[in-house]
Amino acid sequence: MAKTGIFYGPEKGSVDRVAHMVAKEFGEGNADLISVKDKDPKLLENYDKIIIGVSTVGMTNWNSEHIRNEWDSFSAGIDKVNLKGKDVAIFCLGDQVTYPEHFVDALGWMYDKLKPLGANIVGFVDPDDYDFTDSEGLRNGKFVGLPVDEDTEPEKTEERVKNWVAMLKNDFGF
Ligand SMILES: Cc1cc2nc3c(=O)[nH]c(=O)nc-3n(C[C@H](O)[C@H](O)[C@H](O)COP(=O)(O)O)c2cc1C
């Protein structure tokens, strides 16, 4: 079985917690957890199956000049990474009650960044299970990854992660 790389950030919050849940679902020894803080994005090329974990926090996005986000240094060099032939799935933390018009926007920002690098993006999710007004994470009526709302629906996280990883194992050819 090809090893999966779970690249996540920031550390110590909801993204971190969910990244560990995803790794647990893949089973011991099947997935490496890699915090993107101070890491070289070339590390992505070590894996053929990749999971990216992010959160949506206001104005922070790939083009932002905010320096507090742990993704910034990693994303700065990501344009030189070749993801051709690699399966990539994204999960994104958000809050659909406080930010109903921007729910998990970072899912879409991530998709737009990774797709041109040749990535085959998998793990799309139906939006019916969520209650929001708008999201940049949608393409053709589907979320381009898994939205997780630890702020207002933490009780749904475990099942969402379980179902999504089951789908990914299939997409990844496990
Ligand atoms: C300043 C701030 C801005 C946020 N903006 C959004 C947003 O635009 N859309 C959204 O879905 N969630 C938004 N959130 C909610 C976070 O994505 C959510 O709390 C997430 O679980 C944070 O995970 P982290 O602590 O691992 O970064 C925001 C949270 C904060 C603190």
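The values are calculated or read from the model by the stated rules, or taken from the named source; none is laboratory data. What you are looking at is a predicted structure, and each value in this text was computed from that prediction instead of being measured. Positions of Cβ are generated from backbone atoms using ideal geometry, with glycine treated the same way; all protein chains shown enter the neighbour counts. Please note that ligands, DNA and RNA were not included when accessible areas were found on the heavy atoms of the full protein model with its side chains. Shrake-Rupley method; radii C 1.70, N 1.55, O 1.52, S 1.80 Å.
Structure notes:
- Flag for Val81 being out of contact with any Ser or Thr (no Cβ under 7 Å at 6 or more places or on another chain), more than 25 Å from Glu28 (Cα to Cα) and hydrophobic (A, V, I, L, M, F, W, C): yes
- The residue pairs whose first member lies in the range 146-174 and is of a type in the set (S, T, N, Q), whose second member is crowded, with 21+ Cβ neighbours inside 10 Å and at pLDDT 95 or above, and whose beta carbons are closer than 7 Å, counting only pairs six or more residues apart or on different chains, are Thr157/Val18; Thr157/Val148.
- The residue that is farthest from Lys86 (Cα to Cα), counting only those in the range 1-44 that are hydroxyl-bearing (Ser, Thr, Tyr) and touching a residue at least 60 places away in the same chain (Cβ under 8 Å), is Ser14.
- Residue within the range 143-156 that is farther than 19 Å from Arg17 by Cβ and more than 16 Å from the chain's Cα centre (by Cα) present: no
- Selected residue (only one of Ser73, Ser55 is small (Gly, Ala, Ser) and within 12 Å of the chain's Cα centre (by Cα)): Ser55
- Any pair with Cβ under 6 angstrom, 6 or more apart, that starts in the range 68-85 at a residue that is over 17 Å from Ile50 (Cα atoms) and ends at one that is at pLDDT below 85: Asn69/Thr60
- Any pair with Cβ under 8 angstrom, 6 or more apart, that starts in the range 117-141 at a residue that is closer than 20 Å to Asp151 by Cα and ends at one that is of a type in the set (S, T, N, Q) and at pLDDT 95 or above: Pro127/Ser135; Tyr130/Gln96; Asp131/Gln96; Phe132/Gln96
- Total residues in the range 12-57, condition part of a helix (DSSP H, G or I), open to solvent by less than 30 Å² (accessible area, probe 1.4 Å) and more than 17 Å from Leu146 (Cβ to Cβ): 2
- Meets criteria (of a type outside the set (Lys, Arg) and open to solvent by less than 80 Å² (accessible area, probe 1.4 Å)) for Asp149: yes
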